[in-house]
Each structure stands twice: as C-alpha cells, then as structure tokens.
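Below you'll find the structure, written out as structure tokens, and then a few comments.
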Amino acid sequence: MKQDTMVALAAGAAIGATATAFAVRAHSRMQLGRVLQSNTAVASTPRYRALVSGLVANGHGHLFKYWAPAGVNDAAKQRLLTTAAAAIHQAVHQPEVEAARLAALQAPNAERRPKQLEMHGDVRDDPYYWLRDDDRKDPEVVAHLKAETAHAKAALADTEQLQEELCKELRARIQEADESAPQRHNGYYYYSRTVEGGQYRVNCRRKLPAGIGAPNENDVMDTSVPEEVLLDEDAEAAKHSFYVVAELEVSPDNKRLAYTVDTGGGEKYTLHVLDLATRKELLTPPVEDMAGNVVWANDSATLFYVTKDKLDRPDKVWRYMVGGGTGGKGISELVYHETDDSYYISVRKSRSDQILTINSGSAVTSETRILNADTPTGEWKVVRPREMEVEYDVRHRGDHLFIMLRDKDAPNSRLLVAPMSDPSKTTTLLKHRDDVKLEGAVVSKDWLVVFQRANGLQAAVVYRLPQDGSAPTKLEGGEKLEFDEPVYGLDPGSQGDFDSQLLRLNYTSLTTPNTILDHNLATSKRVTKKVEPVRGGFDRDDYVTERLWATAEDGTKVPISLVYRKASLKRDGSDPLLLDAYGAYEIPNDVYFSSKRLSLLDRGFVFAVAHVRGGGDMGRLWYENGKYLHKKNTFTDFVACAEHLIAEKWTSKDKLCIEGRSAGGLTMGAVTNLRPDLFNAVIMGVPFVDVLTTMLDPSIPLTEIEWEEWGNPQHKEYYDYMKSYSPVDNVCAVSSEYPHILATGGLHDPRVGYWEPAKYVAKLRHCKTDSNLLLFHCEMGAGHFSNSGRFDRLKDTAREYAFLLKTTSLLPTAGQNGWTSATSPKVSDNGSGK
C-alpha cells in the first residue's frame, strides 16, 4: 500500500508537470480512441489523455496496444498509467512499468468443464479435456487457441521491435542465393539451389559431359552444361500457405520425376509424377493422403508408394503403373498391408538399385521384405521373420546382404553377411561390443563403411571388400576416419553411384558450419566440397566448444556439450545459459552448428546440450535405461546437468533457461514440475505433456505404436509410473510457483496434438501463484514442424529468442526521457489468472 501511494503521488506530480510538454510532442491529430479502443474512459481526464498521447508519440504505444475491453482489469490499467507517469520523472524504474503493463493484460482462462477419466480404480479430473477437437473446427476451441496466441503476442509486445531486428539479423547471416554440393548419379549431377528472396529450393540437374571419368574427390560440375530444373518449389509453394516436399525420385531412365508434397502441415502427402520432357502430370488425379514415401522399379513405369490408416500409421504399400507397363495403366494394386497396429512401414530402394525393400517396424522390432527391382510384379520375400525385441537393417551387394542386427545378446548390434538365396545362413563380420554401438553402414561395389558410436562420439570405419564381388568372410583392420574437435556431429551424406570410390560425409559441430566432405576410399584423400556460408563476419575462432560430465543421482556420468563466445564468458555464475535436451526413441541429440544460435551467443548466452538417457547418445543401453519404467532417469539426468552447470558457475538459477521439442518437450514439462525452482525460463516446443491420457487412448494417432516406447498404461504398473511423471497430471504437485514458460503448438500436428500444450497451460494458469510469464503460441496453419518457408521460420526463432532475452533481463536499452526498454527479472502477465 505504501509503495502504491508513493507511485500515485509521483504520478500525479509527473502528470501535472509534463502533460503540456507531452501534448506538444504528440501528433496533433492523433485519435486517442484508436489507441485505447473501448478504454477511453480509463484516461478520462485531459492530463491522462495527454499522457497517453505523449507516450505513444515517444514510442511507447505498446503499453496500451493489447488492452482487454473496457470493464476488464480497469484498475490495473489505471495503475499502469500512474506507474508510467511516475517513470517519466524516474520516480519508478521501467521494469515496474513493464510489470504494470503485463498485469493490465487479460490472460485467457479456459473454462473448466467436468470430465473424469477412470482406470484401475483411479479417477482423474480432466476439466480441459474439451480442448481436444480432432476435426480442428470447433469454434470455442479455435477461439481459445487464437486467444492464447494473441495473449502471447501481447505479453511480448515490448519486444516487437527486437523481434523485427532479430529476424533481419538472422536473415542477414543467410547466403540467400546458394547452391548445394552436386552429387553424381546415373549420368547426371544432382543439386538444389536457392534464390535471393526465395523461401524454398529449386531442384536441378546437369548431364555429365561425354567422356567424363570415374568420380573422384576433385570433381567439379561443368556449369556450361545446360541446367534442367526438376522442381521449382518456390513456384509451387506460391499456390499454398504451407508447402513441404518429402521425397523427389527420378526414374531410372531419367525421364520422369515422382515427388510427394504436404500442403496442409498435417503430414498428409500428395504424389505427383511429371514427364520431365513435357512437364505433363502423369497421374490424373494425383494420389492424395499418402505417407510421402515413394520408389521406382527399374522399368521406370512402376511406382511403389505408402499410404496411412485413419490414425496416421503408414500401413499399406501400393504398386502403381505409370503410362502403361505390365499390369495396366493407372491402377493401384495393394502389395502389402501391415495389420499389426504397433508397426509402421516404409518402402526403399537399395543403393545398388537392384532390390526394393518393405521395412516394417515397431519401437523395438523390425522385419524386412525384399524384391528384385527388375521384376516389380514378383514375390516379396522376408529376410528374417519378425521376432520380438529383434531389429535389423539390410544393405545389398551382388548376391549377398549385409545385415546389422540388434537383439538381447547384442544390444549395440553386430554386423552379419548372408546369401540372398538364404538369408538365414549368416556369418558374423563384426561382433557385439559393449562400448561401441553400430549405427549404420554404407555399402558400395568395393567398400563397406560402418558408422559407430563410442563414448558419445561418432566415427566411420572403412573396410575394403573382395574385389571379385564375392561376400566377405571376415573384416580385418579398417581405417577409422578421425576428427579433431572434442564434440561434433557426423553422418553419411547423399551417396552417388554404387561403383563410386567416394564416400560423402556431413560434418558439423557447435562451432563448425555444416561441411560436406568427399573422402576417397581408395586413397584416403579428403576434399571439402561445401561449407555452409555464414554471412556477417562469423569467425569460428571466436567461439569455444567443450564437453563436460555431470553425475546423475544413481552415479551415472552424463555428457554435456556446450559452446560460448570467448569474449563474453565470465564463468562467475552470471552468464545466461540455454540448456537443450531430447531423451527418447534412441535418437541421439547430436550437436550441430546453427547460424541462428549466434544471436544468443553474441549476446552473452552459453548454449549447452544435455545428452540424457532415453536418447541414443551413449549406445543402446543408454536408451533402454531412459524408457518404460526407467523413464524418470531422463528427467533426473537433466536436473543433474543443470545443477552441475550451476555448481561450476557456468550459470545460475536466475539465468538458466531450458528448451526441448516434442518428446524433448515432455522432458521440459517433467523437469519443470519436478524442480520449478531450478530454472528461470522454459521453452516447450510442441510438447508431449499429456502422456497418460494420450497413451490410454488408441483413437489418438500413433498411440499403439508408442506403447513400446513409454509402456501401455492399461497395465497398472505402467499406469502408476506414467501418472507419476506425466506433466499435465503433475502440474503444481511440488510448488505453485513456476519459471517463465513459452509453449508452442501446431493446429494440424499429427504427432503431438495441439491440445496437449493447450491443456498444460490452462491447468498451470489455474493453479500457479507466481506472476511469471505463461505463454502459448499455437500456429494455426502448420503442424509439428511449424512454418514451411525458411524465412517464415525465422519469426518463430525471433519470438523465442526475444522471450529468452526478456526473461533474462537482456533486452537492449534505448535512452529516451531516462526511459529504458523493458528489462525485468520479475515480469508479470497476471499469468495465474487470479
């Protein structure tokens, strides 16, 4: 009360002393009603009207821009006016003005509607269940999502100029007109390019000159050969608000292009086939609502493609005859239907171009069928019948198959070879090792390259194969490709012709832009073919990357990768730090370079990755010890990493920010419930936070497939365990005070329903008692991966970075009447809804 009185007295004096001056500076014809909308009564006196006019004229119109209608929060609006007036004469500081502005906003409070869910005798109240609308059309639901997004925009209104500047800054680092490293295949160089101002790729090829020799690492594409545009995505995207191409496949005779595109964001693709000479569409109408996966048989007339069931599970492979061929024209024939609801399928072609594969897989089991690509109407044969908890991957060469197989005796996999005539007759080439995880293989005519992981780092090992084309009986030696940085990311790039002596690699690190390398397997010579250009004076020597180790509560050592700008790091606990994590599906959270991330690093942030259990960062058992009834290890690992970074003075609680997307969003939700005191700000991207309710409902897409990742809560043991960490079910269980939170969602997301973050935010807003930001931005025209255009996505990044800078008191200052732009360690948006 005493502080409010002082503010009011100071405001009165300030209004009296400055109203005239501000009025002079205001635009003489400014219409106050246009600014305050229905709230003109709040500023009913000449002095208040002059104050509002002056503030707007001096660049502070955001103070009133998103006010609720008259009659809502009117007292808070009055307090904002008096606080702003006091700030003019520095009776209070600008952070207090921002707190008053946020308190004047009206956060949406979703209606609580009675709904009970019962299982195993346990009853859960779910008053926000109604926010789920599978059709995405319910007017009340859509209105609520739009209100949440509008509120997020309003709460970040003081950063709108910063967001615009960040977008320009992020874009300025992009080489807009650029070209990928060409790759030789079947008589052509294939590549894509982008144009100045274009949001999407132009996919192209050039014919190889006559008489060109075998591929070598010094090859340079002859640009005097005319360019052929296969697909101009910019031109096609202009017809749609969302546009993503999943696959581009040129027929073996080089005359046709099959491609699949999503124009809605829901990952429902349309298959097109073009005659490349005439540009005529050969599928009339195109095949709609398919899974995005397509391959050609060797007759260049037969396509195989995959469709989904009603729950978005890829479940059927179809054969389609384009422009005639055996079997007729324009007829889709079903060749395989996966009836087990816990399996999904894909269809692929071997690098040798000799076999096609149908790959069926659950989270823990797989099965592969093969077909000679020369006989598309032939019989598909199973390589190895499915067996629970056995996964394998197949590569073809000559008359034999390389099989990378994981089972209970070889959790990190072993490599086998077997004759195609009888794949059960296997010979072990690489035995299982406890400390090395086999992750994949690239096979060519003369070479085998095995990609493996040890101690969290990737490597590639090269083996020469018998030159007569026969199957190897053993592998000896092997050249390990070495890299110098302490933490990096490595994977095979797009490989060229099967008889090529080149291995293409994608290499990156937290300080090294994505780099395309061609390694000559015969000579061990390596040439850099492309380095992602970073404009704006980037120098990798200005940044340092390190690897640390935290100790989890059970004694497990958990790796942390981090990067910072040398000149910015203080290492006294005052540095802001953004800690990222994923932790699911055995997917390694490998490091990579991001030019966008420089906007944080150059503002003093440290960026770190916690390689928590549940991912594949440290091998198969690392994954198994972070799933099912061990899932909480993911969360306690993350907490241990956060505490380690604080203890070692990389940051502090009031400067520590965290982020994760999808299953990583689950990690964020769980750790925020578990230790809300440990973090300053949280970004939850399309977060899987309503775990228990989703896993109990087979009508939700992909639920049954996911049981082998999280467990089936129809069994009480899994139900109880899942309920103990599911973020929506544990909101405010430990504390009613939470860090700043920004959650995002996509209306058409088929992987994580938009209602999951919507319910989480609604429930948290109802129970939390702090005044920290609680924001939910729902993209109404996109899905799991947000906007499709490369520049449109920059807006999402700018919004998130502005949120981080705002909540860590790092917004830029702008002197004007002693005024600084909003910078507040104690910002408030009336997020409790109380």
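The values are calculated or read from the model by the stated rules, or taken from the named source; none is laboratory data. Just so it is clear, the structure is predicted and the values come from calculations on it, not from any experiment. Every residue, glycine among them, receives a Cβ derived from its backbone with ideal geometry; neighbour counts consider all protein chains shown. Keep in mind that these areas ignore ligands, DNA and RNA; they rest on the heavy atoms of the full protein, side chains included. Shrake-Rupley method; radii C 1.70, N 1.55, O 1.52, S 1.80 Å.
Between L629 and M119, the modelled label-to-label distance comes to 1.7 nm, taking each label 7 Å out from Cα in the direction of the beta carbon. Label separation (D602 vs K566): 1.8 nm, computed from points 7 Å beyond Cα along the C-beta direction.
Helices in the chain, meaning DSSP H runs of at least 4 residues, each add -39500 (n - 2.57). Divided by all residues, the mean residue ellipticity at 222 nm is -7000 deg cm²/dmol.
The Cα center of region 572-619 and the Cα center of region 114-187 differ in position by 21 Å. For region 620-700, the equivalent ellipsoid derived from the alpha-carbon gyration tensor has semi-axes of 25, 16, 9 Å in decreasing order.
Expressed as a whole percent, how much of the Cα-Cα distance distribution for region 410-452 exceeds 17 Å? All intermediate terms of the calculation are to be shown ahead of the outcome.
On the way: 353 of 903 pairs.
Cα-Cα pairs in region 410-452 separated by more than 17 Å: 39 percent.
Plugging the Kirkwood radius over Cα pairs into Stokes-Einstein for the chain, at a temperature of 4 °C and a viscosity of 1.567 mPa s, what D comes out in µm²/s? D, rounded to a whole number, is 44 µm²/s.
Annotation for region 129-195: chymotrypsin sites (Phe, Trp or Tyr not before Pro) lying in DSSP loop with at most 12 further Cβ atoms inside 10 Å of their Cβ do not exist. Dividing the radius of gyration of the alpha carbons in region 485-548 by their Kirkwood radius gives 1.05 for Rg/Rh.
About its Cα centre, what dipole magnitude does the chain give when the only charges are +1 on Lys and Arg Cβ and -1 on Asp and Glu Cβ, stated in debye to the nearest 20? Mind dumping the intermediate values first?
On the way: 101 positive and 115 negative charges, 452 e Å.
So the dipole magnitude of the chain works out to roughly 2160 debye.
Close amide H partners of N514, meaning residues 5 or more places away or on another chain with modelled amide H under 5 Å apart, are E532, F593.
In nm, what is the difference between 0.36 nm times the number of residues separating R535 and L810 and their Cα-Cα distance? Spell out each step's value before the answer.
Working: separation 275, 0.36 × 275 = 99.00 nm, distance 2.42 nm.
Separation in residues times 0.36 nm, less the Cα-Cα distance, equals 96.6 nm.
The label point for Q90 and the one for K425, both projected 7 Å from the Cα toward the Cβ, are 9.0 nm apart. Compared with the dominant Cα axis of the chain, that is its longest principal axis, helix 46-57 is turned about 30°. In this structure, the amide hydrogen of E439, modeled 1.01 Å from its nitrogen in the peptide plane, lies closer than 5 angstrom to those of F451, Q452, R453, counting only residues at least 5 positions away or on a different chain.
Determine the sum of side-chain charges near H89: Lys and Arg each +1, Asp and Glu each -1, restricted to other residues whose C-beta is under 15 angstrom from that of H89. Display every interim value, and only then the final one.
Details: positive: R47; negative: E96.
Once all neighbours under 15 Å are counted, the net charge is 0.
For the set K137/K759; K239/K310; K168/K596, the pairs lying more than 21 angstrom apart at their alpha carbons are K239/K310. H630 sits among other residues whose Cβ lies under 9 Å from its own Cβ, and their net charge, with Lys and Arg +1 and Asp and Glu -1, is +3.
On the beta carbon distance between E389 and T223, with R0 = 45 Å, the FRET formula returns roughly 0.30. Accessible surface for F635 stands near 10 Å², nearest 10, in the context of the full protein assembly shown (1.4 Å probe). Around the amide H of T551, modelled in the peptide plane, lie the amide H atoms of V558, all under 5 Å away and 5 or more residues distant in sequence or on another chain.
Rounded to the nearest 0.05, what FRET efficiency is calculated for D74 and N372 with R0 set to 60 Å and r the Cβ-Cβ distance? Provide the component values of the computation, followed by the final result.
Details: r = 77 Å, r/R0 = 1.28.
The formula returns an efficiency of 0.20 here.
If I take R0 = 56 Å and measure r between the Cβ atoms of S494 and A57 in this structure, what FRET efficiency does the formula 1/(1 + (r/R0)^6) give, to the nearest 0.05? After rounding to 0.05, the efficiency reads 0.50. Rg over Rh for region 681-781 works out to 0.99, both radii taken from alpha-carbon positions and Rh defined as the Kirkwood radius. Helix 792-807 and the long axis of the chain differ in direction by around 50°, with both axes built from C-alpha atoms. With a cut-off of 11 Å between beta carbons, the residues surrounding E737 carry a summed charge of -1, where Lys and Arg count +1 and Asp and Glu -1. For region 710-764, the spherically averaged projection of the C-alpha convex hull amounts to 4.7 nm².
Any of K268/K530; K207/K529; K530/K649; K723/K806 with alpha carbons more than 26 Å apart? Name them for me.
Working: K268/K530 33 Å; K207/K529 19 Å; K530/K649 38 Å; K723/K806 34 Å.
Going by Cα-Cα distance, K268/K530; K530/K649; K723/K806 fall outside the 26 Å limit.
Against the chain, whose longest principal axis comes from its Cα atoms, helix 160-172 is set at around 30 degrees.
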